[in-house]
Amino acid sequence: MKSSSYMQYGLVHIAAGDLLRAEIAAGSENGKRAKEHMEKGQLVPDEIVVTMVKERLSQPDSQENGWLLDGYPRSLSQATALKKYGFQPDLFILLEVPEDTLVERVVGRRLDPVTGKIYHVKYSPPETDEIAARLTKRFDDTEEKVKLRLKTHHHNVEAVLSLYEDVTVEVNGSVNKEDVFAQIDVALTNLLEQRKSALGSLAA
């Protein structure tokens with residue numbers, strides 16, 4: 001998610017995928033196990049992901065400022081684990097995007113290993129030939145593996161939504177990113193206004 005969309009609200013951005021890739025880069029035992037599943041286009045086992053996410057959500061900055069959890073939970077068991085540990089989102093944002101568009105977006109993305117910036121060969125190409133020459137592609141960003149991940153996602157998403165139906169907001173993710181972020185900003189602003197009204201009522 002665009003940094004300004006959560007930074008302006010003071011939220012801590014926590015991406016489950018980034019936590020996993022950090023473990024893989026570190027060569028940890030959990031990282032090795034995670035990589036085996038990711039290479040097959042499978043979801044990483046819950047016992048690995050849940051532990052990492054729980055530890056990050058428990059850190060002081062997340063507790064004090066609130067959090068925006070990106071790419072998690074992806075299954076009912078993960079959502080149940082969050083609830084078990086006392087982590088309940090006030091808002092669940094569901095991005096609706098056609099599958100063909102998702103495949104194109106993922107297969108075309110590239111990483112600059114020097115700056116950590118994400119590019120896309122079509123939608124956000126690198127600024128210079130020098131940057132283009134050093135870009136890398138994630139090992140699991142192939143069409144075959146993306147479609148496997150999406151198949152698993154579709155199987156799990158309804159169960160996850162059943163826990164969050166009262167706080168779910170659907171966002172059209174097939175439009176340009178500025179419009180996507182505008183929709184999310186409206187949802188977050190409405191949530192904060194509702195909280196202020198509730199606090200005002202209690203104070204009165």
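The values are calculated or read from the model by the stated rules, or taken from the named source; none is laboratory data. These numbers were taken from a predicted model, which means no experiment stands behind them. Cβ sites come from the backbone with ideal geometry, for glycine too, and all protein chains shown count toward neighbours.
Yes/no matrix, rows are residues, columns are (1) assigned to a helix (DSSP H, G or I); (2) of a type in the set (S, T, N, Q); (3) within 25 Å of Gly41 (Cβ to Cβ):
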residue: Asp140; (1), (2), (3): no, no, yes
residue: His153; (1), (2), (3): yes, no, yes
residue: Val157; (1), (2), (3): yes, no, yes
residue: Gln194; (1), (2), (3): yes, yes, no
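Only residues that are polar (S, T, N, Q) and under 17 Å from the mean Cα position of the chain (by Cα) were counted in segment 130-180, giving 5.
When the test is whether a residue is under 30 Å from Ala25 (Cα atoms), loosely packed, with under 13 Cβ neighbours inside 10 Å and β-branched (Val, Ile, Thr), Thr152 does not pass it. Scanning segment 44-54 for residues that are assigned to a loop (DSSP other than H, G, I, E, B) and crowded, with 19+ Cβ neighbours inside 10 Å yields a single hit, Val44.
Name the single residue, out of those in segment 55-72 being farther than 19 Å from Ala34 by Cβ and surrounded by 15 or more Cβ atoms within 10 Å (Cβ to Cβ), that is farthest from the chain's Cα centre (by Cα). Among those that are farther than 19 Å from Ala34 by Cβ and surrounded by 15 or more Cβ atoms within 10 Å (Cβ to Cβ), it is Ser62.
Conditions tested, residue by residue: (1) loosely packed, with under 14 Cβ neighbours inside 10 Å; (2) of a type outside the set (A, V, I, L, M); (3) part of a loop (DSSP other than H, G, I, E, B).
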| site | (1), (2), (3) |
| --- | --- |
| Leu19 | no, no, no |
| Ala22 | yes, no, no |
| Asn30 | no, yes, no |
| His37 | no, yes, no |
| Gln42 | no, yes, yes |
| Arg74 | no, yes, yes |
| Ala79 | no, no, no |
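Number of residues in segment 159-184 that are in a helix (DSSP H, G or I) and either among the acidic types (Asp, Glu) or in contact with a strand residue (DSSP E or B) (Cβ under 8 Å, 6 or more places away or on another chain) (or both): the value is 10. Applying the criterion of being among the charged types (D, E, K, R) and over 20 Å from the mean Cα position of the chain (by Cα) to the residues of segment 117-129, the residue that is nearest to Glu96 (Cα to Cα) is Lys122. All conditions but one from (1) modelled with pLDDT of 90 or more; (2) within 25 Å of Val103 (Cβ to Cβ) apply to Ala187; the one that does not is (2). If you filter segment 123-136 down to residues that are at pLDDT 95 or above and in a loop (DSSP other than H, G, I, E, B), you find that the one that is nearest to Asp18 (Cα to Cα) is Leu135. Of all residues in segment 124-176, those that are within 12 Å of Arg74 (Cα to Cα) and either of a type in the set (S, T, N, Q) or in contact with a Cys (Cβ under 8 Å, 6 or more places away or on another chain) (or both) total 2. Does segment 55-62 contain any residue that is among the polar types (S, T, N, Q), modelled with pLDDT under 90, assigned to a loop (DSSP other than H, G, I, E, B) and more than 27 Å from Lys151 (Cβ to Cβ)? The answer is no; no qualifying residue exists.
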